[in-house]
C-alpha cells in the first residue's frame, strides 16, 4: 500500500510546493518505484492515497506557506487517479514554461549600471598603470578588463557573454574608460613640463617651462595615481619615465603609438633578459631625474587591485619587455631625434600655438 503514496509524495514535493527538489530527481524516484523489478510494481495505479499520506503532504504544504485555495487543490490532487495526477503535472510543467517565457520576454534591456562603470574605470586605470602591460592601444587592454569582469561578475546578468548585442555595450563602456584614462595621463604629462598662458594679444599659447620648473618624477607619479587604486612602485616609475620621454619628443595624436613602438624596441633590446630589461627602465628613471629634477622616490608596495591586474596580465600575455607584442608603426629615429616638438594638447576650443620658453 505504500508504493502509491511514496510515488505521489515525490511528485508533490517537486511540484512546487517548495522548489527545493528538482524534476529530474523526482521523476527518477517515481520510475524506480514503478519498474517491474519493484515488489510494488503496478500497485500504485490502483491504490488511493491513505489518510496518513494526505496528512503528511498537507503538513508539508503548510510549511511551504501555500494559500488556502492551493491546499484545497492539493487535497483534490491526492484523490485523483495516478494517470490524472501525471496529466496535471504535465499541464503544470507547460504552464510554468509559459510563465518563464513571459518573464524573459518582459525583462528590461540590459544597461551598464553606475556601479559597474565605476569598477570598469578603476580597473582601466590599473591596467594602464601596470608595468606588465604590453601595449597601451588596441584590443589587449580591453581584453584584460573583460577577463576581470568574467572573474568577479559584479552585477553582470547570467549568460551575457553569449549575447553579442549586450556584450557590445560593456565593451563600449570599457573602450570609453580607456580613452578617458589615456587622455588624463597625457594631460598630466603636459602639465608636468608645459603650461597654457595668455600672450600680449590675449591669445592662449603653450609655453615650455624651464627645467627647474618641471614636475619631478615622484610628483608626476603622485599625480598619475591620484584618484586611482594604484600605488607608486619602481616599475611604474620606469613606465612613467618612458611616457614622458616619448611625450617630450612627440605630444601629438600619435603619442601612444610612439610609446608602444618604444616598448617594442626595448623588448627587442632586452631579448628576454629580465636584468637587462630592468636596467633599461632604470636608465630611463635616471635620465628623467636629470632632465626634470632629481628626487628621492618613496616606493610603495603594490595593493591588491594592482597585484590582481599584474597577475592577470602575466597569466594572459607575456611580460611587456621580454616578449614582443604586435608591432605598431612608430616615428623614425630621425624624427624622434630631431628635437622638433609636436603641438601639445590644448583646452577644448583653443587653437594650437607654438611653444616658447619662459622663466
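Since every read-out is calculated from the coordinates, none of them should be taken as a lab result. Fair warning: this is a prediction, and the values are worked out from it, not measured in the lab. Don't worry about glycine lacking a Cβ; one is built from the backbone with ideal geometry, like all the others, and counts go over all protein chains shown.
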Q: Whole number please: convex hull volume per residue, Cα atoms of the stretch 240-302, in Å³.
A: 106
Q. If you take the beta carbon distance between residue 117 and residue 84 as r and set R0 to 45 Å, what does 1/(1 + (r/R0)^6) give as a FRET efficiency, to the nearest 0.05?
A. 0.25
Q) What spacing in nm lies between the two simple spin-label points modelled at residue 52 and residue 276, each 7 Å away from Cα in the Cβ direction? A) 8.5
Q. Counting pairs of Cα atoms in the stretch 142-181, how many percent are more than 14 Å apart?
A. 47
Q: Would you kindly state how much longer the chain becomes between residue 203 and residue 179 on full extension, computed as 0.36 nm times their sequence separation minus their alpha carbon distance, in nm to one decimal?
A: 5.8 nm
Q.
Using a 7 Å offset from the Cα along the Cα-to-Cβ direction at both residue 291 and residue 161, what is the distance between the two label points in nm, to one decimal?
A. 4.3
Q: Sort 192, 147 so that the residue with the fewest other Cβ atoms within 10 Å of its own Cβ comes first and the one with the most comes last.
A: 147, 192
Q: Would you mind putting 220-228, 303-311 in packing order, based on average other-beta-carbon counts within 10 Å, highest first?
A: 220-228, 303-311
Q. Using every alpha carbon pair in the stretch 60-110, what percent of pairs falls into each 5 Å bin from 0 up to the bin containing the largest distance?
A. 5, 17, 15, 18, 20, 11, 8, 4, 2, 0
Q | Amide N of the stretch 228-258 lying under 19 Å from the label point, which is placed 7 angstrom from the Cα of residue 219 along Cα→Cβ | A | 232-233, 237-238, 240-245, 247-248
Q) What nm distance separates the two modelled labels at residue 300 and residue 59, each placed 7 Å from Cα along Cα→Cβ? A) 6.2
